[in-house]
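Values in this text are rule-based calculations from the coordinates and carry no lab data. The structure presented is a predicted model; accordingly, all values stated were derived computationally and were not measured. Positions of Cβ are backbone-derived with ideal geometry, glycine not excepted, and every protein chain shown enters the neighbour counts.
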Amino acid sequence: MRIQILGTGITKFGELWSKSLLDLATDAALEAINDSRLSINQIDAVFVANMIYGKIANQDHLGALITSALGLKCASFRVEAACASGGLAVHLACQSLMAGTYKNVLVVGVEKMTDVGISEITSALMGAGSDMERKAGLTFPGLYALMAKAHMAKYGTTKKHLAAVSVKNHYHASMNEKAQFPFEITEEKALNSPEICSPFTLFDASPITDGAAAVILSSDLTSGSTNNVYITGSAVASDTVDLAARDSLLELRATKEASVKALKQAGVEIKDIDIAEVHDCFTIAEILAMEDLGFCKKGEGGDFIKKGITRLGGKMPVNTSGGLKACGHPVAATGLKQIIEIADQIRGRAGKRQAEGINCGLAHNVGGSGATVVVHIIQS
């Protein structure tokens, strides 16, 4: 598998009240098109990732809406897989290119989440949960807190391990002008922030965010582009939506399955990965990702992060964008943002947060509490 990333575009992430969803989507898309050096009429299809907008704004026809706003007259699709919507849209776009259906495609992930109240957005997000979970009054902080409690009981993971994730990701975000929270925090600040759901405090959770990200993908490897960054692996795996139906609360089985498939497609092993963007919707999720992806053994994820291995300058930088925690989490844009961050690192375009010797990266995008997982391998 070899799909070229011709261009990328990303907006500021945050509370963007002066921008509409259409503004954000077109801003990111036009930046990606300009970066690709393609003319707009060379785009054969548009894949739009979005989870929330139909529920809070009564507009579901986003494929056609965004395509027409860009002045395109091509095929358009809307893709939804909860918080993995962006990753899944890229996966489906890659499949269409590999099949020869299209040659150049635009993928856009966009969310406008801050224009409604907390109760309304929480209800919309729980559309990614099971009927049983909703009836029980569970929200995603509660679901991931159950996983955190299980991990703590089994492996001795502590609140300081959780705080280490947040401290690191805020440090990375402090160098990212597009981040929602571009500032550093201390362990003390993280641990002493208000509790939202034991064992989580405010700094263990990703925020509600507006934003958009876009990529231009191409199957034409003779395009003359000097970007030379490729998606070489793209895989999806699923698990039960209901957390209670899982065999274990200590892992995301779909992460393991998707990563094995993606690595095999790319012809690389986990030891070949130089950098990763993983789905840290809650701090425990990054710890689980380190273990489930195979960067460390089960139960060692907290120490792996706390030792500084995943910090810029460490052996294996993770979430140099700031992750979902500090860069922000505009749900359907997250999977694309992860891919863009790795592409920028490979191209040497990451500015102050540029890591050294980056040739191969992994992007890990999770829907719900792990019912959908998409893993991409990006290489030079």
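Summary table
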read-out: Separation of alpha-carbon centers, the stretch 60-78 and the stretch 179-253, rounded to whole Å; value: 26
read-out: Packing-based order for 236-249, 322-335, 291-304, using average beta carbon neighbours within 10 Å, highest first; value: 322-335, 291-304, 236-249
read-out: Estimated inter-spin distance, A244 and T101, nm [label 7 Å along Cα→Cβ]; value: 3.8
read-out: Dipole magnitude (debye, nearest 20) for the stretch 128-268, charges at Cβ of Lys, Arg, Asp, Glu; value: 360
read-out: Ordering of 53-64, 69-80 by burial proxy (mean other Cβ atoms within 10 Å per residue, highest first); value: 69-80, 53-64
read-out: Segment D60-I40, length gained on full extension (0.36 nm per residue, minus Cα span); value: 4.8 nm
read-out: Mean Cβ neighbour count within 10 Å, used as a protection proxy, ranking 345-351, 374-380 highest first; value: 374-380, 345-351
read-out: Percentage of interatomic Cα-Cα distances in the chain larger than 26 Å; value: 45
read-out: Residues whose placed amide H lies under 5 Å from that of D280, excluding near-sequence neighbours; value: L324, K325
read-out: Relative contact order (percent, whole number), the chain, Cα cutoff 8 Å, 6+ residue spacing; value: 27
read-out: Cut-off under 5 Å, modelled amide H: who pairs with V48 long-range; value: F77, R78, V79, V108
read-out: Residue-averaged [θ]222 nm for the chain, counting only DSSP H segments that reach four residues, each worth -39500 (n - 2.57); value: -11000 deg cm²/dmol
read-out: Using θ = phi - 60° and Karplus 6.51 cos²θ - 1.76 cosθ + 1.60, couplings along the stretch 303-319 (whole Hz; Gly, Pro as x); value: 5, 4, 6, 5, 6, x, 4, 9, 8, 3, x, x, 5, 9, x, 10, 6
